[in-house]
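As structure tokens, the structure follows; a few thoughts come after it.
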Amino acid sequence: METEAESRVTQAPEPLGLVQRFLNTADFETGADELADAAGARRWLVANRLLARADSFGEPDRELLVEVRETLRRLAHANQERRTEAAALRLLNEHAARAPLAVELRADGAELVAASPGVDGAVARLLAVVFTAARDGTWSRLKACRNEACRWVFYDASRNRVGTWCSMAVCGNRHNVRAFRARRSAGAV
């Protein structure tokens, strides 16, 4: 079932859409988190073809996934201000070192693929998508909503890349109403 946030957000093109869905496994407005427990995290990974049903998966794996998700969310938030977050990059580089990638040559080109199974392979696949998106310029369009209560990750499809809200009709409107009320209460309408 699609949530309100999902229905109003611009979806990233694949394969970046996979990273967007991963980041949006936590819904800050409702408190729902698909990675809240090991069973839910495993279910999400299997459903998104990042983990084989036969692969083992436990609480330490879930904790790693949440850390990767929240670190990637920090980078998506940094995309709002067109800045880099060095600490987040260092942490992802540490995870990348434990999640090896390989180049797979194909008739239609080449692709980075996970070189190990399990959660390390899932992290490798996600980071390979981030790498490819950074190279082709689409990563900077993946942003976290500026509304701190929301933080839903959206794809900024605007021509000039200045999208701020997951939805102007919802989060942008909420911000504008609050700003208007603050000005009005201060006597500066």
Q | Enumeration of residues in segment 20-41 that are of a type in the set (A, V, I, L, M) and assigned to a loop (DSSP other than H, G, I, E, B) | A | Leu35, Ala36
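For the condition of a type in the set (D, E, K, R), more than 25 Å from Thr84 (Cα to Cα) and either surrounded by fewer than 19 Cβ atoms within 10 Å (Cβ to Cβ) or in contact with a Pro (Cβ under 9 Å, 6 or more places away or on another chain) (or both), what is the one hit in Asp120, Asp136, Asp108?
Working: Asp120 fails: more than 25 Å from Thr84 (Cα to Cα); Asp136 fails: more than 25 Å from Thr84 (Cα to Cα).
Residue meeting the stated conditions: Asp108.
A quick yes/no check of all residues on (1) polar (S, T, N, Q); (2) within 15 Å of Phe154 (Cα to Cα); (3) in contact with a helix residue (DSSP H, G or I) (Cβ under 6 Å, 6 or more places away or on another chain):
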site	(1), (2), (3)
Asp37	no, no, no
Arg62	no, no, yes
Ala76	no, yes, no
Ala88	no, no, yes
His95	no, no, yes
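Of Ala144, Ala149, Ala86, Ala115, which residue is under 24 Å from Val66 (Cβ atoms) and either among the hydroxyl-bearing types (Ser, Thr, Tyr) or open to solvent by less than 40 Å² (accessible area, probe 1.4 Å) (or both)?
Exactly one residue qualifies, and that residue is Ala144.
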Q) Out of all the residues in segment 134-189, which are at pLDDT below 85 and among the β-branched types (Val, Ile, Thr)? A) Val162, Thr164, Val170, Val177, Val189
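The values are calculated or read from the model by the stated rules, or taken from the named source; none is laboratory data. As the structure is a prediction and not an experimental result, all values here were calculated from the model. Because the Cβ atoms are built from the backbone with ideal geometry, glycine has one as well, and the counts that use them run over all protein chains shown. For the accessible areas, the whole protein counts, side chains as well, though only heavy atoms, and no ligand, DNA or RNA atoms are used. Shrake-Rupley method; radii C 1.70, N 1.55, O 1.52, S 1.80 Å.
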